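This report refers to the structure that appears directly beneath it.
What follows draws every value from the coordinates through simple rules; no lab data is involved. These numbers come from a predicted model, not from an experiment. Positions of Cβ are generated from backbone atoms using ideal geometry, with glycine treated the same way; all protein chains shown enter the neighbour counts.
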Amino acid sequence: MQVDFTARELTVKLVYYGPALSGKTTNLQAVHELVSEDSKGRLMTLETRDDRTLFFDLLPLTFNSKSGLKVRVKLFTVPGQVIHSATRRLVLQGADGIAFIADSQRSETKANQVAFLDMQKNLRDNGLDPAKTPLVIQFNKRDLPDIRTDVELDALAKRGREPVYKAVAVRGTGVLETLIGLLERSWAQLETEHGLEEKFGLVPEEVLAEVRRQLGAVETEEGPQ
Ligand SMILES: Nc1nc2c(ncn2[C@@H]2O[C@H](COP(=O)(O)OP(=O)(O)OP(=O)(O)O)[C@@H](O)[C@H]2O)c(=O)[nH]1
Ligand SMILES: [Mg+2]
């Protein structure tokens, strides 16, 4: 998190992490499509000709708050290909929260695990504690055949501490839910660490309600799995 007193801005950094081709860039593209004009900046992507992220993608979002402070949320993706490990570590620096985008296909189970361990190592190498870093998990590509079943994912979600979301990022399904869940977790941690309510008058519930409103998310009873 960074605070710029002159510009009256607070910036939060969220990183989409995961194995190659799991749909990290697609998540950012879907957020960019779904979010209203006044909340979003330009989506910057740097890809090779075959759509593989070379360095990172960045989508800046801006939210107003009652306190008058602007809340800027920068969404980053890492490049999933194994060779880009050093870049992933760099992008993770100073992350306030992570959305781990897993690929639901059975054939990708091992790749998910490898990427998860890689993420934990890169966090530690950056001096961040994996146990304290806000994390949500998204199982993407729910539209494909040979995927891990809902029952399996629900069992997995029960065993773990992190909320698990199901998504079809190419259709935009589950994308905003994942982002909002990530923001809720990350904000809770920032509040604990920095006391944003006391320092800046940023009341967590108010900030998150404004975020949900600006993201056009309809309040539903359905939470994460
Ligand atoms: N069927 C299906 N395809 C998807 C879904 N989400 C993403 N894809 C496709 O999967 C491929 C990879 O998506 P990307 O978003 O580029 O994956 P990435 O995680 O950014 O990959 P790297 O940048 O290499 O790490 C693309 O062809 C997407 O269209 C989904 O929900 N369903
Ligand atoms: Mg990508």
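Summary table below
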{"quantity": "Nearest-0.05 FRET efficiency for Leu117 and Ala155, computed from C-beta distance (R0 22 Å)", "calculated": "0.60"}
{"quantity": "Cα-Cα over 26 Å, subset of Lys70/Lys141; Lys24/Lys66; Lys13/Lys199; Lys13/Lys66; Lys158/Lys199; Lys121/Lys199", "calculated": "Lys70/Lys141; Lys24/Lys66; Lys158/Lys199; Lys121/Lys199"}
{"quantity": "Net charge of Cβ neighbours under 13 Å - reference Leu59; Lys, Arg +1; Asp, Glu -1", "calculated": "+4"}
{"quantity": "Equivalent ellipsoid semi-axes - Cα gyration tensor, the chain, angstrom", "calculated": "27, 19, 18"}
{"quantity": "Nearby aspartates and glutamates by direct alpha-carbon distance to Lys110 (threshold 15 angstrom, same-chain neighbours under 8 apart not counted)", "calculated": "Asp118, Asp146"}
{"quantity": "Sorted by Cβ neighbour density within 10 Å, fewest at the top, the residues Leu21, Leu202", "calculated": "Leu21, Leu202"}
{"quantity": "Beta bridges per DSSP with both ends in the stretch 1-124, % antiparallel, nearest 5", "calculated": "50 percent"}
{"quantity": "Estimated inter-spin distance, Ala131 and Ser85, nm [label 7 Å along Cα→Cβ]", "calculated": "2.5 nm"}
{"quantity": "Computed label-point distance, nm, for sites Asp4 and Arg124 using a 7 Å Cα→Cβ extension", "calculated": "3.5 nm"}
{"quantity": "Sequence ranges 76-88, 135-147, 8-20, 37-49, ranked by mean other-Cβ count within 10 angstrom, highest first", "calculated": "8-20, 135-147, 76-88, 37-49"}
{"quantity": "For the stretch 2-214, share of DSSP beta bridges that run antiparallel, in % to the nearest 5", "calculated": "40 percent"}
{"quantity": "Sequence-separation-based contact order of the chain, relative, with Cα cut under 8 Å and 6+ spacing, percent", "calculated": "23 percent"}
